[in-house]
Structure formats: structure tokens, C-alpha cells
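Worksheet: one structure, shown below.
Nothing in this text is a laboratory measurement; each read-out follows from the coordinates by a stated rule. Remember, predicted model here, so these are calculated numbers, not experimental data. Don't worry about glycine lacking a Cβ; one is built from the backbone with ideal geometry, like all the others, and counts go over all protein chains shown.
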Amino acid sequence: MAQRPNFNRTRTSTFRPFLANDTNQSNDSNFTFNRNSFDDDPDSMFYLLTALIIPSFLCFAFLFYNFIRLPQLRTRSTNLLIICLLINNFIHILVDLPFRLYFLFENRVPFSNPTYCLIWTCYDNILTTTDLLIMAFTSIERYFSIFHHFFLHKHERLFYHIPIILCFLVPATWYTVLIFAYPCQKTFTYSTFQCGPVCYLTSSQVLVNIENFGFFMFPLFVIVIGNTTLIICVIIQKASMKRKLRLSLWRNNLRMISQLMFIAVLYMSIYVPSCILLIFSTYVQRTRFQPWAAYVRSNYFIHLKYIVIFGCPFMVLAGQKEMHQKIKNLFARTRCQRRVRRKTDIHPLTMMNTQNRKE
């Protein structure tokens with residue numbers, strides 16, 4: 001039997017956090033970082049992601065089925081961006097997860113081909129960035145939907161169609177041009193994730209900063225500040241609504257932000273720690289935690305983003321009140337069918353049954 005290679009995962013895709021990947025010990029402190037302590041169970045990430053596939057797919061299927069069958073949900077303006085998030089994450093699972101799982105299990109990429117490596121890195125980065133940008137814009141859209149509804153309705157095309165196109169077009173153009181056309185020496189290591197770092201990230205710190213701030217930190221900042229502001233404004237709004245006897249409208253606004261809040265908390269739970277690790281590993285100089293932060297982010301958080309992708313349909317489902325009723329009806333129908341089966345079951349006559357009847 002062939003021996004499996006050493007587990008050697010290296011950050012190679014979007015938001016490369018630390019250029020000195022081989023640093024094991026900080027030069028400015030006595031803090032020693034031991035990578036071996038992190039590699040005791042290298043397959044744990046593989047089993048974690050594998051365990052979440054089936055529940056997530058079932059939830060995706062249930063949501064897509066109901067959005068197709070219920071036009072009132074599909075055509076609702078507040079659900080448009082949510083549906084875009086679901087579609088983007090579902091496509092990400094289909095085109096990226098099989099290759100990622102293969103690497104996590106075999107410790108090498110599926111195909112030792114430079115073109116394949118570049119294509120995989122390209123669409124993984126595009127889909128990840130698109131997801132963050134759509135979520136950031138959803139936070140802005142929900143504020144206008146609650147507090148400036150008439151303005152939003154009047155400029156619907158400006159606030160829905162154009163931003164959705166830009167959320168995909170901007171990262172697609174950026175990564176396609178830089179990954180395939182940037183003039184630099186490309187090298188490929190097939191035993192590392194996505195064949196090693198793309199060359200423009202190792203040759204230009206300016207491009208690294210643009211990606212980190214424009215495609216990661218800025219949308220994450222919008223998600224955090226936007227949702228925090230939204231909660232504060234809705235709470236403040238309650239007092240004025242109570243004086244005007246319009247609490248029903250306030251409850252409707254609260255339900256609208258709760259739909260988004262479930263998703264926002266999920267995104268922040270993974271991407272905020274990842275952003276903190278990025279800052280410590282790249283922009284905070286002479287810190288003893290710099291090698292540790294770089295290693296943890298580059299080897300674990302690039303896969304933990306699938307917690308967001310797998311969890312997104314469940315958070316969307318938690319905010320869809322109409323679908324809750326369908327689930328209740330489904331369980332009620334199942335219980336009713338079981339009762340009917342019990343009543344209509346024909347039990348064969350036995351000697352004991354006949355004796356009991358005679359008595």
C-alpha cells in the first residue's frame with residue numbers, strides 16, 4: 001500500500017495573509033510556534049465538512065423547492081438578494097467542495113496540471129468574494145427597505161439589479177486578469193492547497209493590500225456596522241411607533257431584520273476571527289503571535305468558510321416564517337398518516353386472540 005504524504009496545507013487563494021510562510025519562531029520574542037501540535041489529526045477538517053454535506057443539501061433543496069413553488073416568496077424584494085446568496089453558495093459547493101475534500105484526504109490536488117490549478121484558484125476566489133459583497137450589500141439594502149422604503153421602490157433597478165451584477169463582475173474581472181494575465185513567474189506545487197500561491201500575491205504587496213482591504217475587510221466592515229446600526233435604529237424606532245400606535249409595523253420591521261440577522265451572525269462568527277488573524281499576521285509587526293496567526297488562518301480558516309456556506313440555508317430558513325408553517329404542516333400530515341395506518345392495520349388471528357374473544 002502506498003504511504004500517504006505528509007499533511008502539508010498551504011494558503012494559496014484569496015487574501016493571502018502572510019508572505020513568510022515558513023517562519024516557525026518569532027524573531028522578536030521567546031514565543032515558539034510548533035506546527036506539529038496542530039497536525040495531530042489532519043483529517044478532522046475533512047470529516048467535519050463531509051458530515052455537513054447531506055443536511056446542507058437537504059436544506060438547500062427544501063428552500064429552492066419552496067421559492068419555486070411559492071411566487072409570493074420568490075418575487076418579494078427582500079428575498080432577492082437572499083436567493084442570490086443561496087445560489088452563489090450552492091454553486092460554490094458543487095464546483096469547489098469535491099476538489100477541496102480530495103485535497104484534505106489525499107494531501108495533494110486531484111490533477112497535476114497548471115491550467116487546472118489556476119482555474120480552481122480563480123473561481124474559488126470569485127465565488128468567495130462575491131458572497132461577501134452580496135452579504136454586505138444586503139445589509140445596506142435592508143436598512144433602506146425599512147427606513148426609506150419609498151426611495152428604494154422608486155430606484156429599484158439601482159438598488160437591486162446593478163449591484164448584483166457588480167458584486168460578481170468586479171471580482172470576476174479582478175481575479176481573471178491577475179491570475180491568468182499578470183506578468184510574473186508562476187510556480188506550482190501539487191502537494192499544497194490549490195498548487196501554491198498565485199504569483200501576483202508574492203510579487204506585489206500593493207495587490208495584496210487591495211485584496212485584503214477591498215475584497216475582505218471592507219465588506220466585512222459593512223456587514224458588522226450595517227447590522228449593528230440596523231438593530232439600534234429599529235430599537236429606537238419602537239418608542240415612536242408605540243406613541244403612534246403602529247406597533248404592528250414595528251413588529252414587521254423587526255421580523256425583516258431578524259431574517260438578515262441570522263445570516264449576519266453566521267458570517268461574522270467565521271470572518272471576524274479570520275480578519276483579526278489577518279491583521280495580526282500581516283499588518284501588526286513584531287508580535288510574537290504573528291507566525292501562529294498566519295498559520296491558523298492560512299491552514300484552517302480557508303476551509304472553515306464552508307461553515308458559512310453550509311450554514312447559510314439553515315439561517316435563511318430560520319428567517320422565513322411561511323416555510324415554518326409548511327414544515328409544521330408536513331410533520332402534522334406525517335403524524336396523521338401514522339395514526340391512520342395504526343387504525344387500518346389488520347392483525348392476523350392467533351389462537352390467543354380467538355380464546356380471548358370466546359371468553
- About its Cα centre, how strong a charge dipole does the stretch 47-343 have in debye, to the nearest 20, once Lys and Arg get +1 and Asp and Glu get -1 at the Cβ? 2160
- Overall form of the stretch 86-243 per C-alpha gyration tensor (a/c, 1.5; a/b vs b/c): prolate
- Item | Whether the stretch 245-343 is rounded, prolate or oblate, judged on the alpha carbon gyration tensor where a/c under 1.5 counts as rounded | oblate
- Query: Label points 7 Å out from Cα along the Cβ direction at R251 and Y65: separation in nm?
  - Reply: 3.1
- Note on the structure: So the FRET efficiency between T189 and F314, C-beta based with R0 = 41 Å and rounded to 0.05, is 0.70
- Message: Taking 41 Å as R0, compute the FRET efficiency from the Cβ-Cβ separation of L158 and A181 and round it to 0.05.
- Response: 0.80
- Message: Along the Cα→Cβ direction, 7 angstrom out, place labels at T334 and Y300. What is the inter-label distance in nm?
- Response: 3.5
- Residue farthest toward the positive end of the dipole of the stretch 47-343, with Cβ of Lys/Arg at +1 and Asp/Glu at -1: which of A332, L152, T282? A332
- Length-normalised contact order of the stretch 47-343 in % [C-alpha pairs under 8 Å, at least 6 apart]: 21
- Query: What size of dipole, in debye to the nearest 20, comes out for the stretch 55-211 about its Cα centre when the only charges are +1 on Lys and Arg C-beta atoms and -1 on Asp and Glu C-beta atoms?
  - Reply: 360
- Dipole-positive endmost among T75, H92, F57 within the stretch 47-343 (Cβ charges, Cα centre): T75
